[in-house]
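To start, I am sharing the structure in question, which I have written as structure tokens.
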Ligand code: HOZ
């Protein structure tokens, strides 16, 4: 596969951008080789600067759930650009967008738009602190909530892939206020809360983790968290940046029937444009300025172009409930096919899947938390990644990221993906 133009661009990029990329995982550092520079995408495919075509299994880390350059969203964006690109003033569209989110997400009574998931999570914990007048927060090892200081402690995603789950630059006092617990471990969480009784403002988690690879909550775990947070007056925050509008129209909270106090959203609600949001109970949200004293602001918040894209995306998802059934089926078929290939080749690796999110972990352990995720053989993953890339399948360039299926992955493409998977695993085995 030709890689001349991408390689050249990467060399040039490294002169002006740290590591040559604007987000670390993209550098292919943990899988080896040069990142592909993408020039366009349509439907299920990405096309790079050397004109290689790949089936996209990242979909911009989730939001391109309807595939790339989806016609109706493209039209709305085109229409919106004719009325200027930013006002820094309220718009009718953002009101419709807020109402739609409140209609669709069970726990959200009021919502504030921001520009990214990072902004949403940073604001949500500030709100939890303002509301409870307490300082500490709990996050889970391996969960990633964007790059706000408070979250870069035992962080997943790129922080884990790059080997810096605790980032330098985070002050000791910030770190002291972030308590971490292992995911899926009820006893450890109870102990942590007891030890810090009366001091915890909020608890944030990915109800299904996407940032240590795809990791599911064990049966009853989310319910347990809900109960303990209610009992201890801790604001429960579901970070649904990846799972929102993906695992169900109402996100993971609808799928699992567990209601958080606050929800953070991102990616999908911008239809691929930079958007995030946090929302929840009125009582909490009314503390946000200017209705209340907790300050948070932004010129680009509710940006009219982004709102146009997001609104159309949410309308499409609402008007086509069959999407979720189809995505679930595609996810199951891919996971089943990968497991079948592992069996046939007598390879003892692990597949986690729920709906349209999945991961193949290069470990024989059942992956339920950060420690188990870290048992993966990342070198073998890197080889597998590159074998798949050569066969035209673009996976997330890290073991510690979930993959995301779009509605454009049809039966024919599933076959192609599974064929590439079998061959790649076969080549891996032959190398051993
Ligand atoms: N760490 C992000 C996903 N979990 C990747 C963001 C990106 O590179 O676009």
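Each reported figure results from applying straightforward, stated rules to the coordinates on display, with no laboratory input. From a predicted model like this one, the values you see are computed outputs, not experimental measurements. FYI the Cβ positions are ideal-geometry reconstructions off the backbone, even for glycines, and counts take in every protein chain you see.
Convex hull over the alpha-carbon atoms of segment 356-432: what's its volume per residue in Å³?
Considering the Cα atoms of segment 356-432, their hull volume per residue is 95 Å³.
Find the Cα radius of gyration of segment 319-360, compare it with 2.2 N^0.38 Å by division, and give the number to two decimals.
So segment 319-360 has a normalised radius of gyration of 1.34.
Per residue of the chain, what 222 nm ellipticity follows from adding -39500 (n - 2.57) for every DSSP H run with n ≥ 4, rounded to the nearest 500?
For the chain, the value works out to -12000 deg cm²/dmol.
Based on the mean of other beta carbon atoms within 10 Å per residue, what is the order of 240-253, 5-18, most packed first?
In decreasing order of mean packing, 240-253, 5-18 become 240-253, 5-18.
Order the peptides 124-132, 26-34, 147-155 from the highest to the lowest mean number of other Cβ atoms within 10 Å of their residues.
Result, highest mean Cβ count within 10 Å first: 124-132, 147-155, 26-34.
At q = 0.11, 0.12, 0.17 Å⁻¹, what is the log10 ratio I(q)/I(0) for segment 162-309, with the Debye formula run over Cα points and no solvent?
-0.50, -0.60, -1.21
Here's a follow-up. Please find the FRET efficiency linking residue 223 to residue 39, where r is the Cβ-Cβ separation and R0 is fixed at 51 Å, and quote it to the nearest 0.05.
FRET efficiency, residue 223 to residue 39: 0.65.
Further question on the same structure: Please report the Cα spread of segment 83-240 along all three principal axes, rounded to whole Å, starting with the longest.
Sorted largest first, the three principal extents are 53, 35, 32 Å.
How would 401, 141 line up from fewest to most surrounding beta-carbon atoms within 10 angstrom?
Sorted ascending by nearby Cβ count, the order is 141, 401.
From the P(r) of segment 272-406, could you give the percentage of C-alpha pairs in the tail past 17 Å?
That fraction is 73 percent.
Take the Cα coordinates of segment 1-88, assign each an equal point scatterer, and use the Debye formula without solvent to give log10 I(q)/I(0) at q = 0.23, 0.26 Å⁻¹.
Log-scaled intensity ratios, in q order: -1.13, -1.23.
Take the Cα radius of gyration of the chain and divide it by 2.2 N^0.38 Å, with N its residue count; two decimals is plenty.
In units of the globular-protein estimate, the chain measures up at 0.95.
Report the residue, chosen from 83, 116, 398, that carries the largest GNM mean-square fluctuation when the chain is represented by alpha-carbon nodes joined by springs under 10 Å.
Top of the fluctuation ranking is 83.
Rounded to the nearest 0.05, what FRET efficiency do residue 186 and residue 230 give with R0 = 25 Å and r taken as the Cβ-Cβ distance? Could you check?
FRET efficiency, residue 186 to residue 230: 0.95.
Tell me, rounded to the nearest percent, the portion of alpha carbon pairs in segment 147-230 spaced more than 15 Å apart.
The calculated P(r) of segment 147-230 puts 62 percent of pairs beyond 15 Å.
Taking the square root of 5 times each eigenvalue of the Cα gyration tensor, what semi-axes in Å does the equivalent ellipsoid of segment 302-378 have, largest first?
Square roots of five times the eigenvalues give 34, 17, 9 Å.
Can you divide the C-alpha Rg of segment 269-344 by 2.2 N^0.38 Å and report the result to two decimal places?
Relative to the rule-of-thumb radius for its length, segment 269-344 sits at 1.70.
Ok, one more. Can you sort 102, 229 by how many other beta carbons sit within 10 Å, fewest first?
Ascending number of Cβ neighbours within 10 Å: 102, 229.
Right, another one. State the Cα centre-to-centre distance between segment 92-167 and segment 299-375 in whole Å.
For segment 92-167 versus segment 299-375, the Cα centre distance is 20 Å.
I would also like to ask the following. Give me the orientation-averaged projected area of the Cα convex hull of segment 198-266, in nm², one decimal.
Mean projected area of the Cα convex hull: 4.5 nm².
Could you state the principal axis extents of the C-alpha atoms in segment 370-414, from the largest down, to the nearest angstrom?
35, 22, 13
Applying a 10 Å radius around every beta-carbon, put 276-284, 73-81 in order of their mean neighbour count, most first.
Descending mean neighbour count gives 276-284, 73-81.
Moving on. Can you work out the FRET efficiency for the pair residue 75 and residue 318, with r the C-beta to C-beta distance and R0 = 22 Å, to the nearest 0.05?
Step by step, r from the Cβ atoms, then E = 0.80.
Based on DSSP, what percent of beta bridges with both residues in the chain are antiparallel, to the nearest 5?
If I count the DSSP bridges inside the chain, around 60 percent turn out antiparallel.
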